[in-house]
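Report on one structure; see the data block that follows.
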Amino acid sequence: MDKSLLKEGFEKNFGTRGDIQYFFSPGRVNLIGEHIDYNGGLVFPCALSIGIYAAVGYREDKKVRLVSKNMVNKVEFTLNDIQFKEEDGWGNYPKGVIKYIQEEGYNLKGADIYLESTLPDGAGLSSSAALEVLTGYIMLYPILGDKIDRVWLSLICQRAENEFIGVNCGIMDQFSVAMGKRDHAILLDCNTLEYEYVPVDLKGYTLVIMNTNKKRELSESKYNERRYECEMALKHINDYKKIENLCYATLEDLGLLKDNLLKTRARHVITENQRVKEAIKFLKGGNIKEFGKLLVKSHESLKNDYEVTGLHLDTIVEAALKFEGCIGARMTGAGFGGCGIAIVENKLLEEFIKEVEVKYKEITNISPSFYISRIDDGVKMLF
């Protein structure tokens, strides 16, 4: 994004000053390993080159003012009085992060923060995590510069979403936004936080993000219900054998579950964790077509066993897979709307987008959006 546009937006809302600083926080997409982060499993996310930009002017008092080009309401509060307020809407995400950073003993400055996002809101590309990590990075930057412990920052942001917002998300979104690396995805063990950067070379193919434009609100979805079902499955398995997380269970352990619903939920978790391991093997070996097949299996599991897809995601994925130059596609994110991903032959991208758009709109009467993003770095200072 052009620096002059960010400066113009800042000065329109906060006035002219000569010491504005600029930051960027990426969205993320999870290549494979869906709905297993909160079950202690392996995930494989990457940061994107689309995200949230910020122009920041630090203050000498304790006031924080937030304005977003993408949102109607402005948010204002002081650092010594941070409370959740329904009317602040999106502003509660930064408020929660700032509250918990201060509880860790950091003496923060006030700030005027102007935001512009290139992420579609509610599309499952982690706009909330991008905003949380961006806020933490901005507020800590005068104290720590780029020496911020990014793993610690991701945990603070997860806590803010869990406790301040009330969404029981796992660590994956915040971790990938904070820790992203250009041209690499992150193999992350969500139980131990051990991670490995894995190069992603799709050779003659491109990662296409397909937005159904069916907006989802994560806190209003069945996300918390699925998490509870997994907790119950683990509890019942632990009546017979002790395991720390559901991802540590085996397919044989499904026989210990009497409830068929819990059995299907657990089956997705166990098989998806295995698919992540296979995906790493195929990518490291340069076998992109086998990697693509795993995406299809992942979607089928999310559709049939975990039941988080729905008409819009199923329609766009099915349309993608009918295109000859697409070697794999699936939903990504929490589901219930949002985005899918597809791996498409480079020379057929334009044709792919046109064909999928027509087929999707015929069934849903909604025009989808498509994003071709490179895999990029995590949160950073710009310019």
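The values are calculated or read from the model by the stated rules, or taken from the named source; none is laboratory data. Not measured: the values here are computed from a predicted model. Because the Cβ atoms are built from the backbone with ideal geometry, glycine has one as well, and the counts that use them run over all protein chains shown. Each accessible area value is taken on the protein alone, full model and side chains, heavy atoms only, with ligands, DNA and RNA left out. Shrake-Rupley method; radii C 1.70, N 1.55, O 1.52, S 1.80 Å.
Brief remarks follow.
- Cα gyration tensor, region 1-125 - rounded (a/c under 1.5), prolate or oblate: oblate
- For region 317-327, 3J(HN,Hα) per residue [Karplus equation, 6.51 cos²θ - 1.76 cosθ + 1.60, θ = phi - 60°, Hz, x = Gly/Pro]: 5, 4, 5, 5, 6, 6, 7, 4, x, 9, 9
- Were the residues from Glu318 through Ile143 laid out at 0.36 nm apart, the gain over their Cα-Cα distance would be 58.1 nm.
- Adding -39500 (n - 2.57) for every DSSP H run of four residues or longer, then dividing by how many residues the chain holds, sets the calculated 222 nm ellipticity at -12000 deg cm²/dmol.
- Protection proxy ranking for 172-183, 71-82, 54-65, using the average of other Cβ atoms within 10 Å per residue and placing the highest first: 172-183, 54-65, 71-82.
- Anisotropy class of region 147-220 from Cα gyration tensor, a/c 1.5 cut: oblate
- For region 119-164, size of Cβ-based charge dipole, Lys and Arg +1, Asp and Glu -1, in debye: 140
- Most fluctuating residue given options Lys303, Lys242, Lys289, as computed from a GNM of the chain linking Cα atoms under 10 Å: Lys242
- Theoretical FRET efficiency, 1/(1+(r/R0)^6), r = Cβ-Cβ of Asp189 and Thr16, R0 35 Å, to 0.05: 0.15
- Using R0 = 41 Å, the C-beta based FRET efficiency linking Lys289 and Ile243 works out to 0.75.
- Per residue solvent-accessible surface (Å²) - the chain, probe of 1.4 Å: 42
- Extension reserve of the Lys215-Glu87 stretch, reckoned as 0.36 nm per residue once the Cα distance is removed: 44.1 nm
- Positive minus negative residues near Lys99 (Lys, Arg vs Asp, Glu; Cβ under 11 Å): -2
- Under the Karplus curve 6.51 cos²θ - 1.76 cosθ + 1.60, θ = phi - 60°, whole-Hz ³J(HN,Hα) for region 112-123, x wherever Gly or Pro sits: 9, 10, 9, 10, 9, 10, 9, 8, x, 5, x, 9
- Acute angle (nearest 10 degrees) that the helix 223-237 long axis makes with the longest principal axis of the chain, alpha-carbon atoms: 50
- Euclidean distance of C-alpha centroids, region 54-96 and region 169-218, integer Å: 27
- Once backbone amide H atoms are built at 1.01 Å from N, Leu31 has Phe44, Cys46 as its partners under 5 Å, excluding neighbours fewer than 5 places away on the same chain.
- Per-atom-type breakdown for the chain gives carbon and sulfur 47% of the accessible area (1.4 Å probe, protein chains only).
- Cut-off 14 Å, label 7 Å out along Cα→Cβ of Lys63, residues of region 75-118 by amide N: 75-80, 110-113
- Its Cα centre serving as origin, the chain has a Cβ charge dipole (Lys and Arg +1, Asp and Glu -1) of approximately 320 debye.
- Rounded, prolate or oblate (a/c below 1.5 giving rounded, otherwise prolate when a/b exceeds b/c) for region 213-365 by Cα gyration tensor: oblate
- Magnitude of the charge dipole, region 150-230, Cβ model with Lys/Arg +1 and Asp/Glu -1, debye to 20: 280
- In terms of distances greater than 31 angstrom between alpha carbons, the cross-link table entries Lys277/Lys359; Lys277/Lys303; Lys3/Lys109; Lys3/Lys181; Lys69/Lys380; Lys242/Lys277 yield Lys277/Lys359.
- By accessible area with a 1.4 Å probe, ligands and nucleic acids excluded, highest first: order of Glu229, Glu278: Glu278, Glu229
- Comparing Gly310, Gly136, Gly328 in a Gaussian network model of the chain (Cα springs below 10 Å), the most mobile by mean-square fluctuation is Gly310.
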